């Protein structure tokens with residue numbers, strides 16, 4: 001049986017998509033630069049608020065970008081309200097999303113462990129995993 005999307009799930013995705021589009025196409029703040037992504041949105045059941053999670057790959061740009069988005073929240077909300085047909089347009093609350101950064105950090109740690117194991121195997125004369133076969 002296929003996964004059943006609820007109205008809230010569809011609305012979350014629609015808000016995420018439109019907020020991302022408004023930020024990329026209409027926000028003219030110079031602090032909105034660099035590699036960033038609107039990763040998800042969570043709209044409350046009463047449709048009054050939406051937490052919008054933004055991932056910024058350059059750590060030095062995170063705070064200025066989030067400050068710019070918080071300052072432009074009213075504009076982004078108005079533009080989103082014009083594009084998405086809702087009875088209420090939710091108030092937007094921007095939050096940092098560090099999941100991508102955390103994943104990249106974990107991948108780096110795993111790579112360093114694998115590299116150190118290879119070095120230890122070569123030093124011990126085992127030559128890696130294929131030498132055992």
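The values are calculated or read from the model by the stated rules, or taken from the named source; none is laboratory data. Please read these numbers as outputs of a predicted model, since none were measured by experiment. Every residue, glycine among them, receives a Cβ derived from its backbone with ideal geometry; neighbour counts consider all protein chains shown.
Could you say whether any residue in the stretch 79-89 is at negative phi, surrounded by 14 or more Cβ atoms within 10 Å (Cβ to Cβ), in contact with a helix residue (DSSP H, G or I) (Cβ under 7 Å, 6 or more places away or on another chain) and assigned to a loop (DSSP other than H, G, I, E, B)?
yes
Taking the condition of being in contact with a strand residue (DSSP E or B) (Cβ under 8 Å, 6 or more places away or on another chain) and outside any loop (DSSP other than H, G, I, E, B), how many residues in the stretch 18-36 meet it?
4
If the requirement is being surrounded by 13 or more Cβ atoms within 10 Å (Cβ to Cβ), out of contact with any helix residue (DSSP H, G or I) (no Cβ under 7 Å at 6 or more places or on another chain), at pLDDT 90 or above and more than 26 Å from residue 7 (Cβ to Cβ), which of these qualifies: 93, 66?
Among 93, 66, only 66 is surrounded by 13 or more Cβ atoms within 10 Å (Cβ to Cβ), out of contact with any helix residue (DSSP H, G or I) (no Cβ under 7 Å at 6 or more places or on another chain), at pLDDT 90 or above and more than 26 Å from residue 7 (Cβ to Cβ).
Looking only at the stretch 37-51, count how many residues are touching a helix residue (DSSP H, G or I) at 6+ places or on another chain (Cβ under 8 Å), more than 14 Å from residue 99 (Cα to Cα), part of a strand (DSSP E or B) and in contact (Cβ under 8 Å) with a residue 40 or more places away in the chain.
So the answer is 2.
In the stretch 24-36, is there at least one residue being in contact with a helix residue (DSSP H, G or I) (Cβ under 9 Å, 6 or more places away or on another chain), under 21 Å from residue 100 (Cα atoms), surrounded by 15 or more Cβ atoms within 10 Å (Cβ to Cβ) and at pLDDT 95 or above?
No, there is no match, as no residue in the stretch 24-36 is in contact with a helix residue (DSSP H, G or I) (Cβ under 9 Å, 6 or more places away or on another chain), under 21 Å from residue 100 (Cα atoms), surrounded by 15 or more Cβ atoms within 10 Å (Cβ to Cβ) and at pLDDT 95 or above.
Within the stretch 98-109, does at least one residue satisfy the condition of being within 19 Å of residue 22 (Cβ to Cβ) and either modelled with pLDDT of 95 or more or touching a strand residue (DSSP E or B) at 6+ places or on another chain (Cβ under 8 Å) (or both)?
So far as the stretch 98-109 goes, no, none of its residues is within 19 Å of residue 22 (Cβ to Cβ) and either modelled with pLDDT of 95 or more or touching a strand residue (DSSP E or B) at 6+ places or on another chain (Cβ under 8 Å) (or both).
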